[in-house]
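One structure is given below, encoded as structure tokens.
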Amino acid sequence: MNLKNTKSKNFILFLPLLLASISIFIASHQEGVPFDTSIFIFQDKVYHFIAYFIYGITIQIYLNSFNLKTKKYVLLTILIGSLFGASDEFHQYFIPYRTLEFFDWVADTLGVIASLSQRNVIKKAVNYIFQK
């Protein structure tokens, strides 16, 4: 099957983003447990950064379905990731023993921004997978 110019390609590129979104939602829906800060005090912010770095990569994988100019690609990646991070923090407000934390959202957004450093690698990988 030639997936070069089909809706199947768009769906396949959307799947990682969908699965990452669901995974983050499920993790955020768990009742809060205290973090072991024995390693260092801002350990949870590092976890947020890493999770949203990966989330930013899944956003970019999907955005490769479209022929976007660099500025729009970067802005959409940050906007989608940051808004999802904000909605995730808001969602946690309603979960027992969880809190809405501004600096968690900052770590989320910084993770998405950092993922943009991998833009060329992601683009090459997607092009390689879907070449003839």
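Taken over segment 47-69, the criterion of being among the small types (Gly, Ala, Ser) and modelled with pLDDT of 95 or more is satisfied by 51, 56. Within the set 58, 77, 99, the sole residue that is touching a helix residue (DSSP H, G or I) at 6+ places or on another chain (Cβ under 9 Å), within 19 Å of residue 43 (Cα to Cα) and of a type in the set (S, T, N, Q) turns out to be 99.
Applying the selection to segment 57-100, what residues are part of a helix (DSSP H, G or I) and among the aliphatic types (A, V, I, L, M)? Of everything in segment 57-100, those that are part of a helix (DSSP H, G or I) and among the aliphatic types (A, V, I, L, M) turn out to be 57, 59, 61, 63, 74, 75, 76, 78, 79, 80, 83, 86.
From the set of residues in segment 86-109 that are under 13 Å from the mean Cα position of the chain (by Cα) and charged (D, E, K, R), which is surrounded by the most Cβ atoms within 10 Å (Cβ to Cβ)? Please lay out each step first, then the result.
Start the filter on segment 86-109 by keeping residues that are under 13 Å from the mean Cα position of the chain (by Cα), which leaves 86-88, 105, 107-109.
Right, trim to charged (D, E, K, R) and you get 88, 108.
Values: 88: 23, 108: 26.
Among them, the one singled out is 108.
Between 90, 25, 94, the distinction of being over 14 Å from residue 116 (Cα atoms), touching a Leu at 6+ places or on another chain (Cβ under 7 Å) and either at pLDDT below 95 or among the β-branched types (Val, Ile, Thr) (or both) belongs to 90 only.
Being among the charged types (D, E, K, R), without any contact (Cβ under 8 Å) to a residue 24 or more places away in the chain and out of contact with any strand residue (DSSP E or B) (no Cβ under 9 Å at 6 or more places or on another chain) is a condition met by no residue of segment 41-63.
The values are calculated or read from the model by the stated rules, or taken from the named source; none is laboratory data. The structure presented is a predicted model; accordingly, all values stated were derived computationally and were not measured. As a convention, Cβ positions derive from the backbone with ideal geometry for all residues, glycine included, and neighbour counts pool all protein chains shown.
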